[in-house]
1. Can you tell me which residue in segment 69-82 is farthest from the ligand (Cβ to nearest atom), limited to those that are more than 19 Å from the chain's Cα centre (by Cα) and at negative phi?
2. Within segment 34-46, restricting attention to residues that are surrounded by 11 or more Cβ atoms within 10 Å (Cβ to Cβ) and among the charged types (D, E, K, R), which residue is modelled with the highest pLDDT?
Amino acid sequence: MSLFDNRFASKNAAQARAWAMNSEERARDNSSSQRRHEPAAPKMGICDKCHKEALLRSYRSRQTDVVDGAASFGVVIKHLCEDCAPKSRREKDAEVPQLSNKQVKNLMRSAKKGLL
Ligand SMILES: [Zn+2]
């Protein structure tokens, strides 16, 4: 063990303390900043599964293709309406804020004008 190692270790500890303080602050901040960082807000569009116009959410699904004996792995983004949404994601769904009736009407109006 060299002097450098000791200094490195104590610097790391200081950084860890600083990080802990930061994450505490982030947790306190969360209620106000959550909305801005919410990526899963429903959007108007055509459902990939039933092809109806509805409020859609994005779902990542892993896909494995085998072409000529070689397997390829990929993540496919699907846009699904409430009816087609995978039920196993219900806990995630609960985190998504519900739109009010007024917001839904606004979205429908925008969609009809072709703004979305
Ligand atoms: Zn659907």
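The values are calculated or read from the model by the stated rules, or taken from the named source; none is laboratory data. Keep in mind it's a predicted model, so treat the numbers as computed, not measured. Every residue, glycine as well, gets a Cβ built from its backbone with ideal geometry; the counts of neighbours run over all protein chains shown.
1. Within segment 69-82, the first condition is being more than 19 Å from the chain's Cα centre (by Cα), and the residues that meet it are 69-73.
Subset that is at negative phi: 70-73.
Details: ALA70: 32, ALA71: 29, SER72: 27, PHE73: 25 Å.
Applying the filter and picking the extreme gives ALA70.
2. Step one: list which residues in segment 34-46 are surrounded by 11 or more Cβ atoms within 10 Å (Cβ to Cβ), which gives 34, 38, 40-46.
From what's left, among the charged types (D, E, K, R): 38, 43.
On the way: GLU38: 54, LYS43: 88.
If we take residues in segment 34-46 being surrounded by 11 or more Cβ atoms within 10 Å (Cβ to Cβ) and among the charged types (D, E, K, R), then LYS43 is modelled with the highest pLDDT.
Matching residues to (1) modelled with pLDDT under 80; (2) surrounded by 10 or more Cβ atoms within 10 Å (Cβ to Cβ); (3) within 16 Å of the ligand (Cβ to nearest atom):
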| residue | (1), (2), (3) |
| --- | --- |
| ASP5 | yes, no, no |
| LYS11 | yes, yes, no |
| ASN22 | yes, yes, no |
| ARG26 | yes, yes, no |
| SER32 | yes, no, no |
| ASP48 | no, yes, yes |
| LEU55 | no, yes, yes |
| ARG62 | no, no, no |
| VAL67 | yes, no, no |
